[in-house]
Structure formats: structure tokens, C-alpha cells
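Below: the structure, in C-alpha cells.
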Amino acid sequence: MEKLRKAGKPLGEYVEGRFYRGVLTGLNEAFVIDEPTRKRLIAEDPKSADLIKPWLRGRDIQKWKAEWAGLYLIAIASSANREWPWSKERSEAKARPSFADAYPAIHRHLSQYEDKLRIRDDQGKFWWELRSCAYYEAFEAPKITWGNLATAPKFAIDKSKTIVSAPAVIIPNGDEYLLSVLNSPICAWIVNHQAATRSGGFLEFKPMYVEVIPIPTATDAQKAPLIERVRKILADPDSPAAPRLEAEIDDLVYKLYGLTKDEVLLVEGKT
């Protein structure tokens, strides 16, 4: 562990502490919709499209690449984070007609769940808004994302401006070199020695456990072959060549940490 730590800087420093938790709706049945519902809402009011964003759950995030399940989020940020036509109104009696006028189809849809939406904990200034979140723009950028629980590292890059569901986490960084390290057996070994474990052999990949992973200091020449292989995997994660590329990535990562053959066997649990 000490040798690994000396190889580079902790992930938390490497990304300057930019770990962002996914979005909580407080009531997914109201805010998370499928494709037919999306089409219906847009048909009723084209402005609905401005609020409907692709939605990614933790279970959709696989190693290297996420597998979007075709779900969407009605993303109405809290008035604390964004100014809407109704944001400056002090009372709901005045704000609600403004909301209904601006987005009539969305208003009708959410009104079906009004009673439940009113009593949920995670809400914004008004019951039809999501809880306050100051980093919505981070979801728009290329990002590395992963789920909270996994038996092995499952870090993926997402460049589709998808909003991620809590408790999944994102780093607003599309660094393929960083992805190669996070998906390596070394990451699994470090997390396994520090994270809380759950039944079924699941590990908690919370930021508090992941932020300590040392990211090796590497030159552009050292990063290049890793990035090349990661991009080939991202192009087709199901390719027959993917296992070979992963093995080559792991070997290159081991070299960055300066591991001996015996230390590699130790990391891989073979001794």
C-alpha cells in the first residue's frame, strides 16, 4: 500500500475534489419517464423537451461504458439554482399558474402526483421542483461515473450529457488515462482493503474510499498506449478483443506503479 501511495497523488487531489453525487428526485415515479411518455408530453407542448433529459441509473453503469435504459428525467431545477418564470413569486398561489402557463404538459403530468410530491423531503422551493443542486452543468460535460455498490471496479465515461441518479457519483472529467487506472485491479485491491463490504461481496465505492486511490504520475508517452486501448474498448466493449485489451491495460498500469511480479500476484489475489 505504501508503495502504491508513493507512485502518484490521491485521486481526490488529482481531480481537485470534484466528486459530485447524482440527482435525487424524492419521487422517481413522477420525475422519471419512459420514451412513450416523453413523446406524449412533447406532442402536447413542444416546450416540454427543454426540461426532459436522459437519465442514467447506477445499475446502468458498466465497466468502461454505461448502458442507457431509455429513461428520462423531468429536470426542473430548484429556483435556488435557476431562475424560472415563477421563481420570484413568494407564494405557490402565484407561482403555480406561471408554471402551468410555461410548461402546461409537464404541469398536468406532475399534478397527478401532487400529494406525494408535497410531502417528499427532496424538493426545491416549490413542490414541482427538484432539490437544490448547484452543479447541474457538470452533467453536461464528459464525465467519469460509477455506481455506489459493485463487486469490482465499474467506472465508465459518459459523453451524452446524461443526468445521473444518486447514489451514483460523477467526476466531470473525460480523461481516458484516469479511467484506465480506476478500472484496474489495483483500484479493486485498494478499495477492498478500505471500503465497507455488503452482503454478496459488494464493496462501497463511495468517494471517501475512492478518493485515496493514488493516480500514478505519467508522461504523455506513458499515457498514450493506455488511452489508445481504452478508446478501442469504448468503441466496442463487447468486442472479442476487449479482454486482451484489458489485460494489456492492466500490465501497463502495473508498470506505472513499478510493481514486481510477486506484487502483481498479490494484487490479483493469486498468492
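The values are calculated or read from the model by the stated rules, or taken from the named source; none is laboratory data. Here the structure is a predicted model, which means the values were calculated and not measured. Because the Cβ atoms are built from the backbone with ideal geometry, glycine has one as well, and the counts that use them run over all protein chains shown.
Numerical summary
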read-out	value
When residues of the range 142-167 are limited to those that are closer than 26 Å to ILE106 by Cα and among the aliphatic types (A, V, I, L, M), the one surrounded by the fewest Cβ atoms within 10 Å (Cβ to Cβ)	ALA166
Answer from ALA156, ALA141 - the residue that is in the same structural domain as SER79 (by TED's automatic domain parsing) and touching a Ser or Thr at 6+ places or on another chain (Cβ under 9 Å)	ALA156
Residue match in the range 53-64 (condition: in contact (Cβ under 8 Å) with a residue 40 or more places away in the chain and of a type in the set (S, T, N, Q))	yes
Odd one out for GLN194 among (1) touching a residue at least 24 places away in the same chain (Cβ under 8 Å); (2) closer than 30 Å to LYS3 by Cβ; (3) surrounded by fewer than 19 Cβ atoms within 10 Å (Cβ to Cβ)	(1)
Candidate set: the range 199-227, residues that are in a helix (DSSP H, G or I) and in contact (Cβ under 8 Å) with a residue 40 or more places away in the chain; chosen: the one surrounded by the fewest Cβ atoms within 10 Å (Cβ to Cβ)	GLY200
Strands (runs of 3 or more DSSP E) wholly inside the range 132-194 that include at least 2 residues being under 23 Å from LEU27 (Cα atoms)	143-146, 169-171
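Residue by residue, here is whether (1) within 13 Å of SER165 (Cα to Cα); (2) assigned to a strand (DSSP E or B); (3) of a type in the set (Gly, Ala, Ser) holds:
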position	(1), (2), (3)
GLU13	no, no, no
THR25	yes, no, no
PRO36	no, no, no
LEU41	no, no, no
TYR72	yes, yes, no
